[in-house]
1. For Val134, which of the numbered conditions (1) in contact with a Pro (Cβ under 8 Å, 6 or more places away or on another chain); (2) at pLDDT below 95 fails to hold?
2. Please enumerate the residues belonging to the range 374-389 that are surrounded by fewer than 23 Cβ atoms within 10 Å (Cβ to Cβ) and part of a helix (DSSP H, G or I).
3. What is the number of the single condition among (1) hydrophobic (A, V, I, L, M, F, W, C); (2) farther than 30 Å from Thr163 by Cα; (3) in contact with a strand residue (DSSP E or B) (Cβ under 7 Å, 6 or more places away or on another chain) that Ile206 does not meet?
4. Go through (1) within 20 Å of the chain's Cα centre (by Cα); (2) over 30 Å from Tyr56 (Cα atoms); (3) buried (at least 20 other Cβ atoms within 10 Å of the Cβ) one by one and return the number of the condition Glu150 breaks.
5. If I ask for residues that are in a strand (DSSP E or B) and small (Gly, Ala, Ser), which ones from the range 53-111 would you list?
6. So which pairs qualify, if the first residue must be in the range 135-150 and within 13 Å of Val162 (Cβ to Cβ) and without any contact (Cβ under 8 Å) to a residue 60 or more places away in the chain, the second must be of a type in the set (D, E, K, R) and surrounded by fewer than 20 Cβ atoms within 10 Å (Cβ to Cβ), the Cβ gap must be under 7 Å, and the two must be at least 6 apart or on different chains?
7. For Arg444, state whether it is within 30 Å of Val143 (Cβ to Cβ) and either in a helix (DSSP H, G or I) or of a type in the set (Phe, Trp, Tyr) (or both).
8. From (1) out of contact with any Ser or Thr (no Cβ under 6 Å at 6 or more places or on another chain); (2) closer than 30 Å to His45 by Cβ, pick out the condition that doesn't hold for Asn241.
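The values are calculated or read from the model by the stated rules, or taken from the named source; none is laboratory data. This structure is a prediction, so every number in the text was calculated from the model and none was measured. Cβ atoms come from the backbone with ideal geometry, glycine included; neighbour counts cover every protein chain shown.
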Amino acid sequence: MKLLEPRKEPLASAAAAAAKAPCKWAMKKKLVGGDAGYVLEDVPHLTDYMPELPTYPNPLQDNPAYSVVKQYFVNTDDTVTQKIVVRKNSARGTHFRRAGPRQRVYFQPDDVNAAIVTCGGLCPGLNTVIRELVCGLYDMYGVTSVVGIEGGYKGFYSRNTVTLTPKSVNDIHKRGGTILGTSRGGHDTAKIVDSLQDRGINQVYIIGGDGTQQGASVIYEEVRRRGLKCAVVGVPKTIDNDIAVIDKSFGFDTAVEEAQRAINAAHVEAESAENGIGVVKLMGRNSGFIAMYATLASRDVDCCLIPESPFYLEGKGGLLEFVEKRLKDSGHMVIVVAEGAGQDLIAQSMNFVDTQDQDHFKKKTNFPITLKYIDPTYMIRAVRSNASDNVYCTLLAHSALHGAMAGYSGFTVAPVNGRHAYIPFYRITEKQNKVVITDRMWARVLCSTNQPCFLSHEDVENMKHDDDERHHLHNTQLLDGSPAKCSPNCNGSAGAE
């Protein structure tokens, strides 16, 4: 295998703005090439700048709970492919380092002083991640010093820490929100790293969305610049499920499940009234994953509107014409609207469907409607996580602490094609994932709702052609080491499910 020349890309602007710190060091991309177009996008390791660090046997080898596991330790050469569907003779493509425990670790349990912080908006599962980080460090590795940072990034330098033990976090997974509190902003790199250094923290677990992960990347850079033995680990979080590369973000399943309650209520209201329309607004300012999956799960939705799929209101083939036709056919309908849908129509008002529908049908005196508008936006993110998300959060937390103990740093952890992997910060912060409306999943929505796509055949064909060109350019640039530029709608694999 050969080491490729790192692609030279500027640090994400949000992270650079957040830092405002003396750090001039930029994360170097560790690209390792192999046969048949194999590329490993590796993550940093403490030995990159502290090559003489000693290693120790992994305490898990003496843990009776894991004594029955066959080949428990992950091979150092194991990687996870980003693109699972390939064509004959195509390049093997991008891979990430597989997550999991290593046979040798770079921290002795008694020397570990870990910190956990939650940043950004609420999301189901935050408390589960906190709990499993604490219990995993204690029960698997014998670590006994774990603290929580209260109030997000600013808590590093403006608040006291709270001691976390398995007893203190025992039942927090049964609650919504985060026991540590959270906030947006407050990122001062120098003050945060000063706090880490003063408190002797050598493992920091940062739970948050893409903006938080950008901040974590800058923290890692400053930690490395100072030559500190401190593993900086991210756990990606967003209820919108729009983080690039990864299969799914935690809390998303719970949000979709909770959204069903609002859709069910809208359906009951709509079918109980003459020409009843139930409108449900769901989260999704820039991407419509919650609205799309909630629609598919419900099967009671007649129209789903998301930011990625443009539409128009008036005229032949417009939304209002479709609403009128559906009411005449069925007598009622349910519309699910992602909060970012139709921003080009009415920038200020998120309930444009409510307003425009009523104005339209008022002109038709012989066609009265009954419209109910339901907004469960913050309800779906404030609940406790469901069983699926609880298991997922457990796996995320364990993968994160395994990576830190193995000496990896400057990475985030998440499943890629069903296998947990260590992903460089820059890969999940360089763009947002979007619903690709030329993929099968959106076609399934259209089949379920029987709504028009509001696009002409020519528009659809042009979008398919543009997507093919972007994917080809992305793969070509990755293999020759040049910067890969994807559109916001590019998710790295054409025809994705």
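1. Failing condition for Val134: (2).
2. Ala387, Ser388
3. Exception for Ile206: condition (2).
4. It fails just one condition, (1).
5. Scanning the range 53-111 gives a single hit, Gly93.
6. Note: pairs meeting the criteria are Glu150/Arg159.
7. So Arg444 does not fit the description; no.
8. All conditions are met except number (1).
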